[in-house]
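Below you'll find the structure, written out as structure tokens, and then a few comments.
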Amino acid sequence: PLVTTKEMFKLAYEGNFAIGAFNVNNMEIVQGIVAAAKAENAPVILQASAGARKYANSVYLRKLVEAAIEDTNLPIALHLDHGDSFEICKQCIDDGFTSVMIDGSHHPFEENIELTRKVVEYAHERGVTVEAELGQLAGIEDDVNVSAENATYTNPDQAVEFVERTGVDSLAIAIGTSHGAYKFQGKAKLDFERLEKITKMLPNFPLVLHGASSVPQEYVQMCNQYGGNIPGAKGVPEEMLREAAKYGVCKINVDTDLRLAMTSAVRKLFTENPAEFDPRKYLGPGRDAIQKIVQHKIKNVFGSSGVA
Ligand code: G3H
Ligand code: 13P
Ligand code: ZN
Ligand code: NA
């Protein structure tokens, strides 16, 4: 069934694991993700960004997710990723999304609270769960590009005040992750002390980790080997994600790894079969690659297998 994130976060919190939240942009991506979730009997969050809604047209994404639910019978949440206004959140709630993110993290604290509170009020009256964000990740999302110097980690005291005053259901925190394929210049580092503090100060409250792709080097190499050019791509080590899931982190966002897996598979196919021009012959392997990486994450990193 189409569900909110409430029940899955409760399971994740109590079981010290995390639910995978995967970005969807087309049919093959949706199918690859839910084939993996089905194989692992795992609940899953399918999330659409503003860019995804613009690319695919929101109604196609919604209907694809509906089809995925009918096909798999899994508990699936349809979530708006990085909503930047009340209006876009309202639109998605009215359209049947079961969860929305209002990302007011670029606004001053009081404005972020005000905006989030307004979305929470509208969403809760309609049985929809809300994620907000406090603190700023470095990296690129849509048109906002935050440099590493401008990234600010989440302040634990502010997080408590923010959650109390907004009534939000989950909170995305900044502890050193960032969006995209180039997360760390040198060694990967996350602020686990901060995560532990936030977890202790907000007991039983679900936290969200954005920018959590691992950028597996096998896919980076595969991309580069078959004509790509993404030198130095680097992500969050899987061990750190396992560790984060032991704390309050209940939702782990992944987009970049899906892009990498799909693209490297398509590049390989084209390089080895230059005469191929049937889209099914390259989108199929792209879809298989997504299933493989998502299944690996669910089973070996997030720990959400078997609870759907
Ligand atoms: O947070 C960013 C997600 O990876 C979505 O990316 O805005 O290019 O769809 P997008
Ligand atoms: P990645 O770029 O690390 O996959 O993060 C995706 C994300 O946070 C979507 O909201
Ligand atoms: Zn994000
Ligand atoms: Na957790």
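Read-outs throughout are calculated quantities, based only on the coordinates presented, and are distinct from any laboratory measurement. If you're wondering where the values come from, they're calculated on a predicted model, not measured in any experiment. FYI the Cβ positions are ideal-geometry reconstructions off the backbone, even for glycines, and counts take in every protein chain you see.
Binning all Cα-Cα separations of the chain at 10 Å, short to long from zero, yields these whole-percent fractions: 6, 29, 38, 22, 5, 1. Among 288, 81, a tally of other beta-carbon atoms within 10 Å of each Cβ gives an order, fewest to most, of 288, 81.
Relative contact order of the chain, taken over Cα pairs closer than 8 Å and 6 or more residues apart, is 23 percent. Largest GNM mean-square fluctuation across 263, 116, 271, computed for the chain with C-alpha springs under 10 Å, falls on 271. Could you give the longest part of the chain that holds none of the trypsin sites (Lys or Arg not before Pro) found in DSSP loops with at most 16 neighbouring Cβ atoms within 10 Å? For trypsin sites (Lys or Arg not before Pro) (loop position, at most 16 other Cβ atoms within 10 Å), the longest site-free span of the chain is 1-125.
Look at 82, 124 and count the other Cβ atoms within 10 Å of each Cβ; fewest to most, that gives 124, 82. Would you work out which of 30, 285, 260 lies farthest towards the positive end of the dipole of the chain? Charges go on Cβ: Lys and Arg +1, Asp and Glu -1. Towards the positive end, the residue furthest out is 285. From least to most packed, judged by other beta carbons within 10 angstrom and beginning with the fewest, 69, 33 follow the order 69, 33.
Counting each DSSP H run of 4 or more residues in the chain as -39500 (n - 2.57), what helix-only mean residue ellipticity at 222 nm follows after dividing by all residues, to the nearest 500 deg cm²/dmol? Display every interim value, and only then the final one.
Working: 12 runs with 146 residues, N = 308.
Here the helix-only value at 222 nm equals -15000 deg cm²/dmol.
Here region 6-302 carries DSSP beta bridges of which approximately 10% are antiparallel, counting only pairs with both residues inside.
If you average the sequence gap of Cα pairs under 8 Å that are 6 or more apart and divide by the length of region 4-160, what percent do you get for the contact order? Across region 4-160, relative contact order equals 17 percent.
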